[in-house]
Amino acid sequence: MAETAILAVEEIVQLASRTYDANDISAVQELYHSSGWTDGLPIVPPTAEAVEACLEWAMMPPDQLIGIEPVRGLAITAEKLAINAVMAGCLPMHFPVVLTAWTAMMQDEFLMHGATASTGGCAVLVVLNGPIRLELGASGTFNALGNSDRATAVIGRAIRLCLINLMDVRPGVIDRSTLGHPGKFSFCLAEDEEDSAWLPLHEQRGIERAASAVTVMAAGAPRQIMNEWTTRPEEILETFAAEMRANLRHYSIYPGNYAIIIPKQLREHLQAAGWTKTDIAAFIHERARIHRREWAEVGKGAVVRDRGDSVYPAMERPDQLLVIAAGGPAGGFGAIVPPWLGHKSRAVTLAVGACVDCEPPKK
Amino acid sequence: MTFRVLDPTAEKAPPAGKAAPRLASLEGKTIGFISNGKEGTKGFFRHLDRMLREEHGVAKVVSRTKSNYSAPADAGIVAEIKSWDAVVSGIGD
C-alpha cells in the first residue's frame, strides 16, 4: 500500500506574485507610488513573510479563488487580497474581515463594477458586527465615522487598495468619479453593540447574533444632523428623515439602502420610549419620501415633466434601512449615509468565515 | 535594510474581447445602438442615427437602452446583437 504524502502548510504555501527588491524603506515607497499602486499615503512593505502570515491566519492557500469579478472576468485570489491588506496596515487578524468584505462585494446584487467605476463617486461602507469587533479593538464610540481606531482604519483602507490594484479602480482609469469623497480612503465602522439595547445590524439582517459579520454598502458621504432639543422619537427621527428627503431632492430619487447612524444621546431617548430598529425603519420609511414636483424647487424643474404628483420613498421597503448604533456618548448628533444609486446596488451582509458558494448540507 | 516586496496588482490582463470583423461599407447594413440611457446619449444617438442613414446609406438603425446604466447590457439586448451588422455602445454623461 502506497504511503500518503501529507504536506506541511509551509510546503504548500507558494506565493505566485512577482517580487521586487528595494534598497530601503524610501525605495519601497517610491516603487509603489510611482507604479500607481497606492492611495497616495505611505504603505507597509508587503513582504512574503507578512503576506503568508495573513494567509495562515485565514487558513487559506494563496491561490484560493475568492471570486471572479463578473464584468471584466478578473480572478481575485487570497494572495492578492493579502498583499494589499498588508500594504494598508492590516495585521493577520484583520485579514478575514477583508476577505469577507470582498466576498460580499462580489455578490451580483452589489454591482461592484458599476459601484466602483461610476461618476457618482461612492465608497464602500463596511460595517462590522459580532465578537470580532472586540478581538480587533474596533471601536463604535467616539469619532465612529472618522479615525476611531486602528482596525477600522486599516480594514477600510485595504478595501480601497484592493480595488485600485486588482481591478484598476484608479482615478481616471476604471474609477470615473466626478468628485468621490473622503470615505474612499477608508470607510469602516463598528456597531456599538455593548451599549445598545437594539438588535445588532447583522442579526437584523438574518445572521446569527453570535457570529461575526460584515455588511458592505455602496455609499455616498455621511450627512450629519443635529437635534438636541427634544426627547420625542418622532421629532428625533423627523430630523433624520428630513436629511434623507434633502438627499432625494438634491441628489437622487432612486430608492435603496440608506444607513442611519444613531449615537448614544439620541439612541437613549429612542430606547427609553421603547422604539426598536424595526419601529425606526417603519417611521423613516413613511417620512423619508418626496413628490417629484419638489425637484422644481431645487433647480431640477426640467425633469419633473408631467409626473409632479409621483411620490418617491427613500426605501422601497422599511427593511432597506440599515440602522446602526454608533458614536460617542455625548452630542445630539446623527448621520445618514445615502446609497450610491438606490436599488441598483444592494447592501450585502455575510458572516465572517461563511462560504457563499458551498453546497448546502444534504438533508 | 533591503526589502523583497510583492506585486499588488492582478498581473494578468483581464480576458480580452475580440473585435468583430470590420465592415467594408455601411451601405444597406443594420446598425444597433446600445445606450446606457443617460441624458447625454439622447442627442448623440439622434445625430449618429441621422448621419448613418443620410451619409452612409445605412438601411436600418435599431436603438436599445440598458435598464441599468451602471450594469452590463440586459440579456435580451445581447441576444439581439447577432442580428445586427455592427453595434455602437455608447456611454453618455
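The values are calculated or read from the model by the stated rules, or taken from the named source; none is laboratory data. None of these values were measured; they are calculated from a predicted model. We place every Cβ from the backbone using ideal geometry, glycine too, and count neighbours over all the protein chains shown.
Below is a table of values for the structure above.
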{"read-out": "Sole residue being over 29 Å from A:Arg209 (Cβ atoms), surrounded by fewer than 16 Cβ atoms within 10 Å (Cβ to Cβ) and at pLDDT below 95, chosen from A:Val298, A:Val311, A:Val356, A:Val303", "value": "A:Val303"}
{"read-out": "Scope the stretch A:87-108; condition at pLDDT below 95 and in a helix (DSSP H, G or I); matching residues", "value": "A:Asp108"}
{"read-out": "Members of the stretch A:184-236 found to be touching a Pro at 6+ places or on another chain (Cβ under 8 Å) and buried (at least 21 other Cβ atoms within 10 Å of the Cβ), listed by number", "value": "A:Glu191, A:Glu193, A:Ser212, A:Met217, A:Ala218, A:Ala219, A:Gly220"}
{"read-out": "Condition met for A:Leu145 (within 14 Å of chain B (Cβ to nearest Cβ) and in a loop (DSSP other than H, G, I, E, B))", "value": "no"}
{"read-out": "Yes/no for A:Ala117 being within 13 Å of chain B (Cβ to nearest Cβ) and within 19 Å of B:Lys12 (Cα to Cα)", "value": "no"}
{"read-out": "Search result, residues across the stretch A:315-328 that are in a strand (DSSP E or B) and under 22 Å from A:Thr116 (Cβ atoms)", "value": "A:Leu322"}
{"read-out": "From A:Gly156, A:Gly130, residue being closer than 22 Å to A:Ile324 by Cβ and touching a residue at least 40 places away in the same chain (Cβ under 8 Å)", "value": "A:Gly130"}
{"read-out": "Every pair of residues 6+ apart whose Cβ atoms lie under 9 Å, when the first sits in the stretch A:37-48 and is outside any helix (DSSP H, G or I) while the second is surrounded by 17 or more Cβ atoms within 10 Å (Cβ to Cβ) and charged (D, E, K, R)", "value": "A:Trp37/B:Asp7; A:Asp39/A:Arg157; A:Asp39/A:Arg160; A:Asp39/A:Lys184; A:Leu41/A:Arg157; A:Pro46/B:Asp7"}
{"read-out": "Residue in the stretch A:60-77 that is away from chain B (no Cβ under 14 Å) and buried (at least 21 other Cβ atoms within 10 Å of the Cβ) present", "value": "no"}
{"read-out": "Hey, A:His343 within 17 Å of A:Gly220 (Cβ to Cβ) and either within 14 Å of another protein chain (Cβ to nearest Cβ) or touching a Lys or Arg at 6+ places or on another chain (Cβ under 9 Å) (or both) or not", "value": "yes"}
{"read-out": "Flag if B:Ser70 is crowded, with 17+ Cβ neighbours inside 10 Å, small (Gly, Ala, Ser) and more than 30 Å from A:Arg18 (Cα to Cα)", "value": "yes"}
{"read-out": "Among the candidates A:Ile336, A:Ile261, A:Ile284, residue that is part of a helix (DSSP H, G or I), touching a strand residue (DSSP E or B) at 6+ places or on another chain (Cβ under 8 Å) and not small (Gly, Ala, Ser)", "value": "A:Ile284"}
{"read-out": "Residue count for the stretch B:1-39, restricted to those that are within 11 Å of chain A (Cβ to nearest Cβ) and in contact (Cβ under 8 Å) with a residue 24 or more places away in the chain", "value": "3"}
{"read-out": "Single match in A:Gly308, A:Gly353, A:Gly331 (criterion: assigned to a loop (DSSP other than H, G, I, E, B), touching a residue at least 24 places away in the same chain (Cβ under 8 Å) and in contact with a strand residue (DSSP E or B) (Cβ under 9 Å, 6 or more places away or on another chain))", "value": "A:Gly331"}
{"read-out": "Unique residue being among the hydrophobic types (A, V, I, L, M, F, W, C) and touching a Phe, Trp or Tyr at 6+ places or on another chain (Cβ under 6 Å) when the list is A:Val28, A:Val97", "value": "A:Val28"}
{"read-out": "Flag for B:Ile91 being within 27 Å of A:Asp108 (Cβ to Cβ) and buried (at least 16 other Cβ atoms within 10 Å of the Cβ)", "value": "no"}
{"read-out": "Every residue from the stretch A:6-18 that is of a type in the set (A, V, I, L, M, F, W, C), exposed (fewer than 13 other Cβ atoms within 10 Å of the Cβ) and modelled with pLDDT under 95", "value": "A:Ile6, A:Leu7, A:Ala8, A:Val9, A:Ile12"}
{"read-out": "Enumeration of residues in the stretch A:263-314 that are closer than 14 Å to A:Phe240 by Cβ, hydrophobic (A, V, I, L, M, F, W, C) and touching a Leu at 6+ places or on another chain (Cβ under 7 Å)", "value": "A:Ile280, A:Ala281, A:Phe283, A:Ile284, A:Ala314"}
{"read-out": "Filter pass, A:Ala88 being surrounded by 20 or more Cβ atoms within 10 Å (Cβ to Cβ) and touching a Phe, Trp or Tyr at 6+ places or on another chain (Cβ under 7 Å)", "value": "no"}
{"read-out": "Filter result for A:Glu109 (within 14 Å of another protein chain (Cβ to nearest Cβ) and surrounded by fewer than 21 Cβ atoms within 10 Å (Cβ to Cβ))", "value": "yes"}
{"read-out": "Members of the stretch A:19-43 that are more than 9 Å from every other protein chain (Cβ to nearest Cβ), more than 22 Å from the chain's Cα centre (by Cα) and either within 16 Å of A:Ile155 (Cα to Cα) or buried (at least 19 other Cβ atoms within 10 Å of the Cβ) (or both)", "value": "A:Pro42"}
{"read-out": "Residue within the stretch A:282-290 that is over 25 Å from A:Pro222 (Cα atoms) and either among the hydrophobic types (A, V, I, L, M, F, W, C) or touching an Asp or Glu at 6+ places or on another chain (Cβ under 6 Å) (or both) present", "value": "no"}
